[in-house]
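Colleague: Quick one: the structure is below, questions incoming.
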Amino acid sequence: GYRVYHNPVTAVEAYIVRDGKILLLRRARQPRAGFWDMPGGFLETGEEPLAGLRREVKEELNARIVRAQIFGAYATAYKFQEELTSVVVLAFVAELRGRIKLNHENSEAGWLTLSRAKRLAFYHQQHAIRDLSRVLKEKSA
């Protein structure tokens with residue numbers, strides 16, 4: 001016989017840090033409308049993670065990534081319309097170029113200190129911010 005595997009899908013997120021603050025976007029749509037989120041999304045079939053990150057940032061912010069480095073991978077679940085999907089999120093610390101212009105997916109952008117980044121859309125993001133804080137401290141030491 002054979003087994004059916006319900007493998008996770010891959011997503012990417014940009015943790016954009018400038019002057020000790022992180023760029024957060026307030027979600028305009030479900031799931032988790034009204035919560036803070038990072039720019040990012042699901043990879044398309046065959047898409048390289050960095051290419052997907054660049055595409056998502058361009059779509060959501062109308063800006064371009066000039067530098068990005070992966071700092072973590074997180075297993076999580078994404079629930080939408082009663083459908084639960086297993087997801088592996090690749091988290092990148094990134095730098096932007098260009099003025100931010102939000103698309104329809106988000107209603108607001110804000111720069112918050114890492115310690116004030118609360119009410120996040122997805123559980124793994126608090127862990128990612130903790131890990132990012134550690135990476136940034138090591139980098140500056």
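Colleague: Check off (1) open to solvent by 90 Å² or more (accessible area, probe 1.4 Å); (2) under 17 Å from D37 (Cβ atoms); (3) in contact with a Lys or Arg (Cβ under 8 Å, 6 or more places away or on another chain) for R97 and give me the number that stays unchecked.
Modeller: (2)
Colleague: Can E138 be described as acidic (D, E) and without any contact (Cβ under 8 Å) to a residue 60 or more places away in the chain?
Modeller: The answer is yes for E138.
Colleague: Something else now. So the check is Cβ under 9 Å with 6+ separation or different chains; which pairs have a first residue in the range 53-81 that's more than 14 Å from F92 (Cβ to Cβ) and open to solvent by less than 40 Å² (accessible area, probe 1.4 Å) and a second one that's in a helix (DSSP H, G or I) and not acidic (D, E)?
Modeller: Final answer for the pair search is A63/V57; T76/H124; T76/Q125.
Colleague: Can you find a residue that is out of contact with any Ser or Thr (no Cβ under 8 Å at 6 or more places or on another chain), open to solvent by 30 Å² or more (accessible area, probe 1.4 Å) and among the hydrophobic types (A, V, I, L, M, F, W, C) anywhere in the range 18-31?
Modeller: No; the residues of the range 18-31 include none that is out of contact with any Ser or Thr (no Cβ under 8 Å at 6 or more places or on another chain), open to solvent by 30 Å² or more (accessible area, probe 1.4 Å) and among the hydrophobic types (A, V, I, L, M, F, W, C).
Colleague: So which residues in the range 1-17 are hydroxyl-bearing (S, T, Y) and exposed (fewer than 15 other Cβ atoms within 10 Å of the Cβ), if there are any at all?
Modeller: Within the range 1-17, Y2, Y5 meet the criteria.
Colleague: Filter the range 82-117 down to the residues that are touching a residue at least 60 places away in the same chain (Cβ under 8 Å) and among the charged types (D, E, K, R), then identify the one that is nearest to I129 (Cα to Cα).
Modeller: Looking at residues that are touching a residue at least 60 places away in the same chain (Cβ under 8 Å) and among the charged types (D, E, K, R), I get E95.
The values are calculated or read from the model by the stated rules, or taken from the named source; none is laboratory data. All values reported here derive from a predicted model rather than from experimental measurement. All Cβ positions, glycine included, derive from the backbone under ideal geometry; neighbour counts span all protein chains shown. Heads up: the accessible areas ignore ligands, DNA and RNA and are worked out on the full protein's heavy atoms, side chains in. Shrake-Rupley method; radii C 1.70, N 1.55, O 1.52, S 1.80 Å.
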